[in-house]
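Working notes, structure below.
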Amino acid sequence: MTITVIGHGYVGLVSACVFADFGNNVYVIGHTSQKIEKLRNGDPLIYEPGLKELLEKNLLAKRILFTTEYEKAISSSDIVFIAVGTPSKANGDADLGTVFQVAEKLAPHLKKGFTVVSCKSTVPVGTNRKIEGIINQYKPKNAEVAIASCPEFLREGTAIYDTLNADRVVIGSDSHKAINFLLKLHKPMNGKRVITNLASAELIKYASNAVLATKISFANLISFYCEKAGADVENVLDAVGMDKRIGRIFMDPGVGYGGACFPKDVKAIINIGKNLGIDPLLFDAVEKINYEAKLNFAVKIMANTKTKKVAIWGLSFKPNTDDIREAPSLFIIGKLLDMGFKINVYDPVAESNVKKVFDETKIKYFTDPYKAVDEVSALIILTEWNEFKQIDLEEVKKRMKDLIIFDGRNIYDHEMMKSSGFSYYSIGRPPIKNI
Ligand code: UDX
């Protein structure tokens, strides 16, 4: 098949590379020519394990083609995916401006025969009907087109694996022909198939992200209880999760969820509910708890450091990505700077992105985690990169001024830290005060 993917972010580029790898001819449309040039030369523009290799392989096989032009790509495609961003507007609504713009731009180039236009962007209920309206308004008279919604559930850091091994492939459409086209395209992928209508497909994506964010906020709320009650949140949640009806997965307490999806999608589902006349009580609380998780941690640091010189390890919103969108590190750094802290930072890949928010006059960047802790009064861990888990804490100890660790991801064993010589403040576990 020939397909076009409009948008080359995590969802667009990963899907395009995977579909090309299945043997399809794939056009990827972007709107910034410098970026398209880089993509043509094998630079995926984002850090995602395995993506560069997959991109280079399919560029070499001439199965993936990057362009800023709509005409040739759209007119030769059987399926067109819209995979552009839907960021939050100031009021929390998903900003659908780009989605509608690309629908208007692609429509005039649809070929005479049949084309499926499928939306992979996360869009509120009813959006695909609006896309359908735009396309019908601008398409050539003889173009036959069917609209579908194909939400994407990939996680950053494991995006290729997730795309190939999804738990489910959701296809929402009124058109049997469109469903069959999409089933054929997704055939090599693992996962159950869910065939449904447009509104259900749109809601499945928000409902999935909302329940995952709810699990995290639940874990964080329980961690607040544990801190006040002297309990250990890891023991509590391990035992809670042993109940097969509950499970332990995705209930790790921490310094709050971030990233391109949960913060935006929780805001959007709150507004979708309000627009439908529903009071989204639960999701309001999920968002509030996430804010409290970040704030509590910042307060914990301020209350327990001896001087205002600290080091932070981990800046991306989670490991194996350089993405810093809504990363808790940005919030914590902002709060500490407001209080006059001097901050050294280290992250294996996210440094250049953070520099765009806090330049070198505001915080000090290090390429070596050990050098970052020289003479600091506290080490703050905000992302659970593997390289921090078995780091040489004796070496860290030699370099630090005061031996205090604030662990926002509970990466160290609580028992082990009791004899480590460090004072250790983690999430939902009793503080260890060694100095
Ligand atoms: C998420 C969804 O998992 C994915 O299905 C959807 O398509 C996009 O949004 P992603 O944002 O890449 O994926 O990362 P994810 O691994 O889900 O983590 C999101 C945030 O939650 C991170 O900040 C992470 O640190 C945090 N998190 C996750 C927790 O705090 N505790 C957990 O138990 C799990």
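On a straight-distance basis, which lysines could pair with Lys244 in a cross-link, Cα separation under 23 angstrom, same-chain partners fewer than 8 positions away excluded?
Lys192, Lys215
Treating the beta-carbon of each Lys and Arg as +1 and of each Asp and Glu as -1, no other charges, what is the dipole magnitude of the chain about its Cα centre, to the nearest 20 debye?
Working: 57 positive and 51 negative charges, 135 e Å.
Roughly 640 debye, rounded to the nearest 20.
Using a Cα-Cα cut-off of under 12 Å, which aspartates and glutamates could be cross-linked to Lys89, ignoring same-chain neighbours fewer than 8 residues away?
Result set, ordered by chain and number: Asp265.
List the relative contact order of the chain as a percent without decimals, with contacts defined as Cα pairs under 8 Å and 6+ residues apart.
Values: 861 pairs, mean separation 50.3, N = 435.
After rounding, I find 12 percent.
Compute the helix-to-body angle for 281-304: its Cα long axis versus the longest principal axis of the chain, expressed 0 to 90° and rounded to tens.
The angle comes out at about 30 degrees.
With charges set only on the Cβ (+1 for Lys and Arg, -1 for Asp and Glu), what does the dipole of region 300-400 come to about its Cα centre, in debye to the nearest 20?
Numbers: 17 positive and 16 negative charges, 99 e Å.
Magnitude of the dipole: close to 480 debye.
Rg and Dmax of region 268-412, Cα atoms, in Å?
16.8, 59
If you split all Cα-Cα distances of region 1-80 into 5 Å bins from zero, what percentages do you get per bin, shortest first?
Cα pair-distance distribution for region 1-80, in percent: 3, 18, 31, 28, 15, 3, 0.
Out of every Cα-Cα pair in region 191-286, what percent are more than 23 Å apart?
37
Residue by residue through region 110-126, which ³J(HN,Hα) values in whole Hz follow from phi under the Karplus form 6.51 cos²θ - 1.76 cosθ + 1.60 (θ = phi - 60°), with glycine and proline marked x?
Per residue, the Karplus-derived 3J(HN,Hα) values read 5, 6, 5, x, 8, 9, 9, 10, 10, 9, 9, 5, 7, 10, x, 3, x Hz.
Sort the following peptides by mean Cβ neighbour count (other Cβ atoms within 10 Å, averaged over residues), highest first: 210-217, 115-122, 69-76. Write down the numbers at each step before the final one.
Values: 210-217: 20.4, 115-122: 25.9, 69-76: 16.9.
Result, highest mean Cβ count within 10 Å first: 115-122, 210-217, 69-76.
Divide the volume of the convex hull of the Cα atoms of region 123-257 by its number of residues and quote the answer in cubic angstrom per residue. Don't skip to the end; give the middle numbers.
Details: hull volume 19.2 nm³, N = 135.
Cα convex hull per residue, to the nearest whole number: 142 Å³.
Cross-link partners among lysines for Lys139, C-alpha distance below 19 Å, same-chain residues fewer than 8 apart left out?
Lys72, Lys105, Lys111, Lys112, Lys130, Lys177
Taking N as the number of residues in the chain, what is its Cα Rg relative to 2.2 N^0.38 Å? Mind dumping the intermediate values first?
Working: Rg = 23.6 Å, N = 435, 2.2 N^0.38 = 22.1 Å.
Ratio of Cα Rg to 2.2 N^0.38 Å: 1.07.
Measure nothing but the geometry: give the 0 to 90° angle between the long axis through the Cα atoms of 262-275 and the longest principal axis through the Cα atoms of the chain, rounded to 10°.
Taking the Cα atoms of the chain, the angle to 262-275 is about 60 degrees.
Looking at Ala231, Cys150, Leu382, which one has the Cα that reaches farthest to the positive end of the dipole of the chain (charges on Cβ: Lys, Arg +1; Asp, Glu -1)?
Farthest towards the positive end: Cys150.
Angle between the Cα long axis of helix 328-338 and the longest principal axis of the chain, 0 to 90 degrees, nearest 10?
Tilt of helix 328-338: around 50 degrees.
Roughly speaking, what is the centre-to-centre gap between region 120-176 and region 6-77 when only Cα atoms are used, to the nearest Å?
Region 120-176 and region 6-77 have Cα centres separated by 18 Å.
Using +1 at the C-beta of Lys and Arg and -1 at the C-beta of Asp and Glu, which of Gly256, Asn41, Thr367 has the Cα lying farthest in the positive direction of the dipole of the chain?
Projecting each Cα onto the dipole axis, the largest value belongs to Asn41.
Calculate the length of the line joining the C-alpha centroid of region 224-282 to that of region 332-410, in whole Å.
Here the answer is 27 Å between Cα centres.
Quick note: the coordinates plus some simple rules give every number you see, no bench work behind them. Quick caveat, the model's predicted, so the values are computed rather than measured. All Cβ positions, glycine included, derive from the backbone under ideal geometry; neighbour counts span all protein chains shown.
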